Each structure stands twice: as structure tokens, then as C-alpha cells.
Amino acid sequence: PEAASHCGVYLSIASNVDRTQIAWGTSNGCIVILDAATGDQIAGYKIADNSNHIWGVGWSPDDRAIVAVDSLGAVRVVDVATGNVTLIAQHDGPLYAVDWADDDSAIAYGGNTLAEATVFATVSVAEVEQLMASTARPAEFAITPAADR
């Protein structure tokens, strides 16, 4: 059975660099990774509570991490191999879009505040790596890819 079948409907999608894997953000706070050719589930991570929609996902250029934004204004990075999650920014309104720069220099994201002001921000990958080293926590559940993938 699919590990993340209780994660709700898929709301966002992004392919990895070589387009062999697809990351989906779900309505119940999960990220699910699928094999692009077969549709088989490779991994799943519960990174937020059930009422928190993952509106945007993006892969790092080396495919080792996925960044996600959600309906409660959080920007999180998931280490694909370990399932560890790091909160890298928090805003007071929903975030809808996120992307990891191809040159691995920054992550950009956007959305709205509760007062409906536009949010557009970037964070350097160097800062993200420091946060990942010091504040990462295990996901509520994490089913990581098999070692042979």
C-alpha cells in the first residue's frame, strides 16, 4: 500500500532535475515522491499537520532536498535521504509558490500575509544549510528512498 495514502489530495507538483522523480505536496501536510516513469511511490514525508496544505514544492539542483511552502506561511526543507525537516522561514499568511535556483544559490518563495499584502522573499542556500545542520527535526513520518535508487 502507498505509505502516504492518508495524506489527502495532491495540490502541487515539481519534477527533479533529470525528470525521473516527481514530488507532490498534499492537502494534509505531506510530500510524496513518485517515480516519473512508473508512478510508483518512492518516499513520503509528513511535514505539517493535517489542516496545513502544501501549496508549492521545489527540488534542490542536486536532488537531495525538497523545499515546500504551505497554507500557514511556513517554508520548510526536507532532506530526501533522512526525512529530516527544517523550518527556514515563517510568515503570517499562506505561501503559494517556491523555487530553488538552478545555481544552488538561493530559494525564492511568495504568497500573501493575512492582511493580503504580497510576500516575495529569498533566502540563501548557505543560510539554509546552516539551519539544516542546527535545527533539523525528524518528520512526523518519513519513508525514505531505497538505498539502490
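The values are calculated or read from the model by the stated rules, or taken from the named source; none is laboratory data. Because the structure is a prediction, the values reported are computed rather than measured. Positions of Cβ are generated from backbone atoms using ideal geometry, with glycine treated the same way; all protein chains shown enter the neighbour counts. Side chains included, ligands, DNA and RNA excluded: accessible areas come from the protein's heavy atoms. Shrake-Rupley method; radii C 1.70, N 1.55, O 1.52, S 1.80 Å.
On full extension of the chain, what length is gained from Ala115 through Ile13, given 0.36 nm per residue of separation minus the C-alpha to C-alpha distance? Provide the component values of the computation, followed by the final result.
Details: separation 102, 0.36 × 102 = 36.72 nm, distance 2.73 nm.
My answer for the length gained is 34.0 nm.
With the gyration tensor restricted to C-alpha atoms of the chain, the semi-axes of the equivalent ellipsoid amount to 22, 17, 14 Å, longest first. Accessible surface ranking for Tyr45, Tyr10, 1.4 angstrom probe, highest first: Tyr10, Tyr45.
Enumerate by residue number the trypsin sites (Lys or Arg not before Pro) in region 1-101 meeting two conditions: DSSP loop (anything except H, G, I, E, B), and at most 10 other Cβ atoms within 10 Å of the site's Cβ. For trypsin sites (Lys or Arg not before Pro) across region 1-101 that sit outside H, G, I, E and B with at most 10 neighbouring Cβ atoms in 10 Å, the list reads Arg19.
Think of a 1.4 Å ball rolled over the protein heavy atoms: region 1-96 then has 40 Å² of accessible area per residue.
What order do you get for 93-102, 33-42, 20-29, 66-75 when each peptide is scored by the mean count of other beta carbon atoms within 10 Å, highest first?
Per-residue mean Cβ counts within 10 Å order the peptides as 66-75, 20-29, 93-102, 33-42.
Between 0 and 90 degrees, the angle of helix 125-135 with respect to the longest Cα principal axis of the chain falls at about 70 degrees.
Quickly estimate the mean residue ellipticity at 222 nm for the chain, helices only: each DSSP H run with n ≥ 4 gives -39500 (n - 2.57), and the total goes over all residues, rounded to 500. Please list the in-between numbers first.
Working: 1 runs with 11 residues, N = 149.
Rounded to the nearest 500, it is -2000 deg cm²/dmol.
Surface composition of region 5-149: carbon and sulfur make up 52 percent of the accessible area, probe 1.4 Å.
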